[in-house]
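The values are calculated or read from the model by the stated rules, or taken from the named source; none is laboratory data. A quick note: this is a predicted structure, and the numbers were derived from the prediction, not measured. Cβ atoms come from the backbone with ideal geometry, glycine included; neighbour counts cover every protein chain shown.
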Amino acid sequence: MAYIEFKNVCKEYKMGEIIIKALNNTNFSIEKGELVVVVGPSGAGKTTALNILGGMDSVTSGDVIVDGKNISKLKNKELIKYRREDIGFVFQFYNLVQNLTAIENVELATQICKDSLNPDDVMGKVGLADRKKNFPSQLSGGEQQRVAIARAIAKNPKLLLCDEPTGALDYKTGKQILKLLQDTARKENMTVIIITHNAAIAPMADKIIRFKNGTAESIESNQNPIPVENIEW
Amino acid sequence: MKIKKALLKDTFKEIKKSYKRFISILLMALLGVGFFAGLRASSPDMVDSIDTYYKNQNVYDIEIMSTLGLTDDDIEALSKIENVENVYGTYSKDGLIKTNDKEIVSKILCIDDVNQPVLIEGSMPENIDECVVEKNFLEGTGKNIGDTIAIEPEKTEGEDTEYLKNKTLKIVGVVESPLYISRERGSTKLGTGVINYYIYVDKENINSNVYTEIYITLENRDKYQTGSSKYEDYVEETKDKIEAIKEERENARYQELIDEANEEITKAEEEFNTEKQNGETQLQEAENKINDGKAKITAGEAEISSNEASAKKEFANGEAKIEAAKTEVAQNALRLNNQKIEAEKGFEEAEQQKSGLQSTLDNINNAIKITDNSIAEKQTALETAETEEEKATISQEIAELQATKQVYETNKQSVEAGITEIDNQIASGKQELQNAEAQINRAKSEIQSQEAALEQTKNKTYAQIASAKKELEASKQEIESAETELETARAEFNTKIEEAEGKLIDAREKVSDIEKAEWYILDREQNAGYSSYIQDTESIENLSIVFPIVFFAIAALVSLTSMTRMVEEERQEIGTLKALGYNKFHIMLKYVTYSSLACIIGGVIGMNIGFQLLPRIIWDMYEMMYTLPEFIVSFNYQYSSMGLGLIYVCIVGATLYTILKEVKETPATLLRPKAPKYGKRVLLERINFIWKRLKFSQKVTVRNIFRYKKRFLMTIIGIMGCTSLILAGFGLKDSISSILPNQYEDIFHYDMLVSLKTSLTTEQRDSYIGELKQKEGIQEIVETYMESGTARKR
């Protein structure tokens, strides 16, 4: 049994009288330590799938199993615990708390989970040891995203979920971020899932899942992932 | 739940960042709590002020008045009642004072340990010619401390005792009475019928044998606040106990008066009886005297006539005797005359004898002389004689001569003796005659004197008789006048007796007319000033319930709006936190802390301002109506915690309402921007002919009304609240300003009111009214009868 399994997952949203099917019978599986890139056009259901996987949204039907735990059946309290301890999330717009400094943003995450890493170490890891006292507004976009990644990995999560982490960044910075993610996955043996609409970066992944019309259209394993530095787009 | 440090940091930084919002919520809490606590405390503060005032001045809890006055026995009986601490008997009466041609009516109270007035200026009266007045008195009359005023004498009917011993009083001070905290001084039968002022005099100055009021203070009354229901219950309970002895005391007082009156009547009756008897005996005595007098007069008349008769007889006897004596004397005189003539003859003879003797004597004397000469010659011859013979012859011759002389001498002597004898005989005869004449004359004069004496006696006797008669006549007249006098005295006596009997009957009737005593057991609520004050505190209390509700509602709405905005602004942050694994309590805590802090800080500042400011503002308005020495403002923990609690519920409740709605959402939803509310078709669209004519912006407006119902509702509520507040203000002004026209145009139609004395007769009244009717400018006169009465709850 795979580490992560999506089985016949459906997700419907009600917008007034209209029902929108965001996920329609989606199936895929991911192994532990894999770096997965999810690609597909807008509205294909990538973010919905990622949110469900991160315990941030519920399913309408189907099962989501993570490390033997069926998270679609979890109660609210267990779901919070799951989010707190098993998931690290990186958002497109960083979602840092503006009132807190970089290090405090990291502490915001570490203070609530048990096996957290030392925030200072993590800040060092992401290369921001000397900027940790800065507020998000004093940092560049790439630096902010690095803080966000530090916040996510400081929790020492089982899963690192990234929703378009480079979407708001320029090419170079985006590349640096992707490298950070790839290195983290490799070094920490962390399962990392990256959503992107940029199919060009797919070769860096161990597994590429393509979404279309609310379902995982194809799942392909890449036996020879290419380091990000070598990818050009 | 452990509060996370980073999250807490975030909260405080949030406050710093959005301090305007924080302050707006803080201000709402400040206003809400300030108004609530301040307004609510105003009424207790006012009650507290009067309570302190009344306790300090030892103001009564229960007042007793009686239609027949109150006595020391009543005080004793009341002292025995449970819960009664002190019983004070005091006096008060209305008095007229004339100053500057103005007639004012004043309540004259006496200084006592109960209801002590507060000295504002000057000093308290120390003796019976001093008094203290209220401030308005000085302002109204233009008098000053040190001036004197005179209380007009009372025009009481029948009562002869004046209320005050000393009616000219010097003003020595200004006081405030706890009995008159409002401008209301009560009504009176004197003057204009309204009491203008009150004055206090020394208790010694009061001249009354009964108390006009009894004031009672209760035990343990410090435990209760005046006006509170506990206090009222306590007073009511004691009043019930007094009610229980009321009838007995009423009867006792009534009996006392009856007994007193009866005793007086009995005394009067006794007096009347003795007086009557005295009068009767006096009259009887007078009559007896008159009768005696009459008898005496009759006796006197008889005596006088008998006396007269005997006197006449006596006088006749006396006259006859005198006549007899007169004839005897006349005979004697005649006889004497004859004797006289004879004696004259004898005297002539004796005179002749005498002259013969005289010539003899002369011869002798000549002879003697010749002899003497011869002797003298012989003598000379002797001396010249020289012989002895011659001498012897001469001496012989001398001796012879001397012997002759001797003979001569002897003859002379016998002649002289004869002359002397004749002289003696004549003299004795003459003497005899004279004696006889004198005797006759004496008899004559004796008779004359007897006659005179008789005449005198006669006159005297007759005069006496006449005067006796006169006297008798006078006595007769006297007796007659005495008789008429007696008659009038008797008549007078009878009328007097009748009168006295009538009076006695009247007095007995009056005794039966003595009405039974009636006690009025009152408490502070019957004091006009106090009760209106308490009522005002109640109306403030009611106001203090309504007004803060508006403020709380506004506070809730404002905090709802700003917290909604804040939560909406931080939607993504909430989502992030949720995604990071924070539970909803962690997240809510931030917003609850935020609003709680604003609320508590604002509330605490607000209550401190409110407790000081609002009661004083309200008291400022009421101070125009009430006179209290001190207004007490205190911090009220009950209302402060209540106000803070309410505002907390409003603001934090609103916060919880908004945040709860948000945190319920899944992190995924929160991370997405909030979906705008979807537009809906509205009913108006179906009415095609209107919808067609609407411009685009108007269509948007109409749809938005239904799209954002909350916003729409808030606007409505806001406008509603403001409009109602403004309208209430105008309405208040309107209703107050219409009171005067209502009262004096619609209810009271009169321009002038004349009070007539009840003692006027119907004719007097009619003539006066007739006179009035003819006066220029008088349109109509309506005669009415007004009487004040007391209504009591059964």
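Can you confirm whether residue B:625 is hydrophobic (A, V, I, L, M, F, W, C), more than 14 Å from chain A (Cβ to nearest Cβ), free of Cβ contacts under 8 Å to residues at least 40 places away in the same chain and surrounded by fewer than 20 Cβ atoms within 10 Å (Cβ to Cβ)?
no
If you check every pair at least six apart or on different chains, which have Cβ atoms under 6 Å apart with a residue in the stretch B:552-579 that is in a helix (DSSP H, G or I) first and a residue that is among the basic types (Lys, Arg) second?
Final answer for the pair search is B:562/B:21.
Can you tell me how many residues within the stretch B:229-254 are farther than 13 Å from residue B:55 by Cβ and in contact with a helix residue (DSSP H, G or I) (Cβ under 9 Å, 6 or more places away or on another chain)?
Total meeting the criteria: 10.
How many of the residues making up the stretch A:25-74 are acidic (Asp, Glu) and within 14 Å of another protein chain (Cβ to nearest Cβ)?
The number of residues fulfilling the criteria is 1.
Need the failing condition index for residue A:166 against (1) within 14 Å of chain B (Cβ to nearest Cβ); (2) part of a loop (DSSP other than H, G, I, E, B); (3) among the hydroxyl-bearing types (Ser, Thr, Tyr), just the number.
Evaluating residue A:166 over (1) within 14 Å of chain B (Cβ to nearest Cβ); (2) part of a loop (DSSP other than H, G, I, E, B); (3) among the hydroxyl-bearing types (Ser, Thr, Tyr) leaves (1) as the failure.
For the stretch A:132-144, name all the residues that are at pLDDT 90 or above and in contact with a helix residue (DSSP H, G or I) (Cβ under 6 Å, 6 or more places away or on another chain).
Once the filter is applied, which keeps residues that are at pLDDT 90 or above and in contact with a helix residue (DSSP H, G or I) (Cβ under 6 Å, 6 or more places away or on another chain), the stretch A:132-144 yields A:134, A:136, A:144.
From the set of residues in the stretch B:534-566 that are of a type outside the set (A, V, I, L, M, F, W, C) and in contact with a helix residue (DSSP H, G or I) (Cβ under 6 Å, 6 or more places away or on another chain), which is surrounded by the fewest Cβ atoms within 10 Å (Cβ to Cβ)?
Here the answer is B:541.
It is to be established whether one or more residues within the stretch B:249-258 are under 21 Å from residue B:85 (Cα atoms), in contact (Cβ under 8 Å) with a residue 24 or more places away in the chain and either surrounded by 16 or more Cβ atoms within 10 Å (Cβ to Cβ) or of a type in the set (Val, Ile, Thr) (or both). Walk me through it before giving the result.
Of the stretch B:249-258, the ones under 21 Å from residue B:85 (Cα atoms) are B:249.
Now restrict to residues that are in contact (Cβ under 8 Å) with a residue 24 or more places away in the chain: B:249.
Right, trim to either surrounded by 16 or more Cβ atoms within 10 Å (Cβ to Cβ) or of a type in the set (Val, Ile, Thr) (or both) and you get B:249.
Yes, there is a match, as at least one residue in the stretch B:249-258 is under 21 Å from residue B:85 (Cα atoms), in contact (Cβ under 8 Å) with a residue 24 or more places away in the chain and either surrounded by 16 or more Cβ atoms within 10 Å (Cβ to Cβ) or of a type in the set (Val, Ile, Thr) (or both).
Report, by residue number, each residue of the stretch A:107-122 that is farther than 21 Å from residue A:182 by Cβ and either more than 8 Å from chain B (Cβ to nearest Cβ) or of a type outside the set (S, T, N, Q) (or both).
Selection gives A:107, A:108, A:109, A:110, A:112, A:113, A:114, A:115, A:116, A:118, A:119, A:120.
In this structure, is residue A:97 within 12 Å of another protein chain (Cβ to nearest Cβ), in contact with a Cys (Cβ under 7 Å, 6 or more places away or on another chain) and either of a type outside the set (Phe, Trp, Tyr) or more than 17 Å from residue B:580 (Cβ to Cβ) (or both)?
Against the criterion (within 12 Å of another protein chain (Cβ to nearest Cβ), in contact with a Cys (Cβ under 7 Å, 6 or more places away or on another chain) and either of a type outside the set (Phe, Trp, Tyr) or more than 17 Å from residue B:580 (Cβ to Cβ) (or both)), residue A:97 does not qualify.
Considering the stretch B:425-440 alone, what residues qualify as being within 14 Å of residue B:348 (Cα to Cα), of a type outside the set (D, E, K, R) and touching a residue at least 60 places away in the same chain (Cβ under 8 Å)?
Of everything in the stretch B:425-440, those that are within 14 Å of residue B:348 (Cα to Cα), of a type outside the set (D, E, K, R) and touching a residue at least 60 places away in the same chain (Cβ under 8 Å) turn out to be B:425, B:426, B:429.
Does residue B:18 satisfy the condition of being in contact with a helix residue (DSSP H, G or I) (Cβ under 8 Å, 6 or more places away or on another chain), farther than 19 Å from residue B:643 by Cβ and of a type in the set (S, T, N, Q)?
Details: in contact with a helix residue (DSSP H, G or I) (Cβ under 8 Å, 6 or more places away or on another chain): yes; farther than 19 Å from residue B:643 by Cβ: yes; of a type in the set (S, T, N, Q): yes.
For residue B:18, the condition - in contact with a helix residue (DSSP H, G or I) (Cβ under 8 Å, 6 or more places away or on another chain), farther than 19 Å from residue B:643 by Cβ and of a type in the set (S, T, N, Q) - is met.
On the given criteria, is residue A:92 within 12 Å of chain B (Cβ to nearest Cβ), without any contact (Cβ under 8 Å) to a residue 40 or more places away in the chain and either closer than 30 Å to residue B:6 by Cα or assigned to a helix (DSSP H, G or I) (or both)?
no
Of the residues that make up the stretch A:42-58, is at least one touching a Gly at 6+ places or on another chain (Cβ under 6 Å) and buried (at least 22 other Cβ atoms within 10 Å of the Cβ)?
yes
Could you list all residues from the stretch A:75-89 that are more than 18 Å from residue A:158 (Cα to Cα) and more than 8 Å from chain B (Cβ to nearest Cβ)? Please lay out each step first, then the result.
Of the stretch A:75-89, the ones more than 18 Å from residue A:158 (Cα to Cα) are A:75-77.
Hits for the stretch A:75-89 are A:75, A:76.
For the stretch B:117-156, name all the residues that are closer than 21 Å to residue B:101 by Cα, of a type in the set (Gly, Ala, Ser) and either in contact with a helix residue (DSSP H, G or I) (Cβ under 9 Å, 6 or more places away or on another chain) or outside any loop (DSSP other than H, G, I, E, B) (or both).
Within the stretch B:117-156, B:140, B:150 qualify.
So, residue B:768, is that one under 40 Å from the mean Cα position of the chain (by Cα) and of a type in the set (Phe, Trp, Tyr) or not?
yes
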